[in-house]
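The values are calculated or read from the model by the stated rules, or taken from the named source; none is laboratory data. Predicted, not measured: the structure shown is a model, and the values here were computed from it. Cβ atoms come from the backbone with ideal geometry, glycine included; neighbour counts cover every protein chain shown. The accessibility values were calculated without ligands, DNA or RNA, using every heavy atom of the protein model including side chains. Shrake-Rupley method; radii C 1.70, N 1.55, O 1.52, S 1.80 Å.
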Amino acid sequence: MPLYRDDAIVLRTHKLGEADRIVTLLTRENGKVRGVAKGVRRTSSRFGARLEPFMVVDVQLHVGRSLDTVTQVETIGAYARTICEDYVLYTAGAPMLEAADRLVEAEREPAVQQYWLLAGALRALAQRDHAPSLVLDSYLLRALAVAGWAPSFTDCARCGEPGPHHSFSVATGGAVCSRCRPPGSTAPAPETFELLAALLTGDWATADASVERPRKEASGIVAAYAQYYLERTLRSLRHVDRTPRNLEA
């Protein structure tokens, strides 16, 4: 079909020519799509501001050979300005977009769960529902779980022995018992394991009640886990602002 319409999240943009942009979208029904938005860099553009990273939009595209063409855009979630004008929000949101782009590698393959996870995370970030670092870490854990790399924070990831356990191995896939503990495993605090489990399951009462030390330790574990299973470094993770003011929801 020459035209199609879908809800989409703008992941990234690239300049094309003097006035156009190539826009990478994570759509609800069609997976990752790349399209050309013609004339959006002109001040007279009708929808240039709607095609910025972090925006959630209703978009219409015309099917092309290699790149589709954006023909119409309506705003669903206007998160770009709120996130980009706040350094803490921006540094938490950028790794989400980067991770989504990596997790949904193939174009035009439906990734409905990944779409809804990212849309919900961006909404929570823009509305300041929780500390930005918690929203980021929860999103990364849940997105990896949907992709097939769900970590275990209670039972042993190798033998299944019921926890709680005291060691964590990224390569093994989570918590490990004393018998299965491989060299190089870390020993997070019990509060950190509790926080990580809460972030994975969406237990925000527990997550919001956590304090700075387990949050910092949990963030390090999430970053290591994400980059191990994505097999690439998330470049934007090193810029995340994790100062104590992040503890304010």
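A straight line joining the Cα centroids of the stretch 4-58 and the stretch 153-206 runs 40 Å.
Every Cα-Cα pair of the stretch 86-135 was included, and the share exceeding 12 Å stands at 63 percent. For Ser219, neighbours were defined as the other residues whose beta-carbon sits under 14 Å from its Cβ, and their charges (Lys and Arg +1, Asp and Glu -1) total 0.
Overall, the stretch 1-63 carries a charge dipole of about 200 debye about its Cα centre when +1 sits on the Cβ of Lys and Arg and -1 on the Cβ of Asp and Glu, all other atoms neutral. Packing-based ranking of 206-219, 133-146, 39-52 yields 133-146, 206-219, 39-52, ordered from highest to lowest mean Cβ neighbour count within 10 Å. Each of Leu141, Ser44, Cys159 was scored by the projection of its Cα onto the charge dipole of the stretch 19-162, and the greatest displacement toward the positive side belongs to Ser44; charges sit on the C-beta of Lys, Arg, Asp and Glu. Charge dipole of the chain (Cα centre as origin; +1 on each Lys and Arg Cβ, -1 on each Asp and Glu Cβ, all else neutral): 740 debye, rounded to the nearest 20.
With the largest listed first and rounded to whole Å, the semi-axes of the equivalent ellipsoid of the stretch 118-189 from the Cα gyration tensor are 29, 12, 9.
Rolling a 1.4 Å probe over the heavy atoms of the protein chains gives the stretch 1-141 an accessible area of 45 Å² per residue.
In the chain, the longest principal axis of the Cα atoms and the axis of helix 87-103 are about 90 degrees apart.
For the chain, the C-alpha radius of gyration sits at 1.09 times the compact-globule guess of 2.2 N^0.38 Å, with N the residue count.
Of all the accessible heavy-atom surface of the chain, with the other protein chains kept in place and a 1.4 Å probe, what percent is carbon and sulfur? After summing per-atom areas, the C and S share lands at 49 percent. Each stretch of four or more DSSP H residues adds -39500 (n - 2.57); spread over every residue of the chain, this sum gives -11000 deg cm²/dmol at 222 nm. With a cut-off of 11 Å between beta carbons, the residues surrounding Pro95 carry a summed charge of 0, where Lys and Arg count +1 and Asp and Glu -1. Amide H to amide H, with H built 1.01 Å from N, Leu11 comes under 5 Å of Thr24, Leu25, Leu26, counting only residues 5 or more places away or on other chains. Just to confirm a number: summing +1 for Lys and Arg and -1 for Asp and Glu over residues other than Val70 whose beta-carbon lies under 12 angstrom from that of Val70, what do you get? Every neighbour counted, the sum reads +1. The protection proxy used here, the mean number of other Cβ atoms lying within 10 Å of each residue, ranks peptides 71-83, 229-241 as follows, highest first: 71-83, 229-241.
Counting only alpha carbon atoms, the long axis of helix 112-126 and the longest principal axis of the chain meet at about 90°. Close amide H contacts of Ala157 (hydrogens built in the peptide plane, cut-off under 5 Å, sequence separation of 5 or more or a different chain): Ala175, Val176, Cys177.
Evaluating 6.51 cos²θ - 1.76 cosθ + 1.60 at θ = phi - 60° for every residue in the stretch 10-22, the Karplus couplings come out as 7, 8, 6, 9, 9, 5, 9, x, 8, 9, 9, 9, 8 Hz, glycine and proline recorded as x.
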